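The structure appears below as structure tokens.
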Amino acid sequence: MGSVNKAILVGNLGRDAEVTTSASGVSIARFSLATTFRRKDTRSGNWEDRTEWHRIVLIGKQADSLRDYLKKGKQIYVEGRIETRSWDDKDGQKRYMTEIIADRIQLLGGGGGARGASRPDEQAGGEYDVAPEAANPSADDDIPF
């Protein structure tokens, strides 16, 4: 039997996406996403909100195309795979970082926005499947803006 590595998140961006370009010319957008859940404290009986932060990576032309919409506070839906990478810091200590490599992003109606820009599909949300250009060379043709 095979295995499954899939993350599905709905949350709000904690900061604007930062878009960089790799040495091979591929755009990479990185941003943080906050998800919140509510639980009842067993000692006090009070409800409390708990926030979890996730590092999201969006690779390819969609990183450039969505940069104006991936703004702090914007609510989005993300599907992707979980990846952990490691490196040695300047002191020789092993460091780890876990990220969600996005395969699909859907813009939802809440929060943020693109500095006052409005989109006709903003209320319904816009859905974008993300695939590296090598696997989907005509990815630009599928972007509705």
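Worth pointing out:
- Listed residue pairs exceeding 30 Å between alpha carbons, taken from K6/K61; K61/K90; K6/K90: K61/K90; K6/K90
- Between G73 and L13, G14, R15, the built amide H atoms are under 5 Å apart, and every one of these is 5 or more places off in sequence or on another chain.
- A7 long-range amide H proximity, modeled H, under 5 Å: G80, R81, I82
- Sorting the segments 57-63, 68-74, 18-24, 89-95 by their mean number of nearby beta carbons within 10 angstrom, highest to lowest, gives 57-63, 68-74, 18-24, 89-95.
- Each residue of the range 78-93 was assigned a 3J(HN,Hα) from its phi angle through the Karplus curve 6.51 cos²θ - 1.76 cosθ + 1.60 (θ = phi - 60°); the sequence is 10, 10, x, 10, 8, 10, 10, 10, 9, 7, 9, 7, 5, 9, x, 7 Hz, with glycine and proline shown as x.
- Phi-derived couplings, Karplus 6.51 cos²θ - 1.76 cosθ + 1.60 at θ = phi - 60°, listed residue by residue for the range 37-54: 10, 10, 9, 9, 5, 5, 7, 8, x, 7, 7, 9, 8, 10, 10, 10, 9, 10 Hz, with x used for Gly and Pro.
- Backbone HN-Hα couplings from phi across the range 60-76 [Karplus 6.51/-1.76/1.60, Hz, Gly and Pro as x]: x, 5, 5, 4, 5, 5, 9, 4, 6, 9, 8, 10, 3, x, 5, 8, 9
- Stretching the chain fully between I82 and M97 yields a gain of 4.4 nm (0.36 nm per residue, less the alpha carbon separation).
Bear in mind these aren't lab numbers, they're just calculated from the coordinates by the rules spelled out. Everything numeric in this text was worked out from a predicted model, so none of it was measured. Note that we place each Cβ from the backbone using ideal geometry, even for glycine, and neighbour counts take in every protein chain shown.
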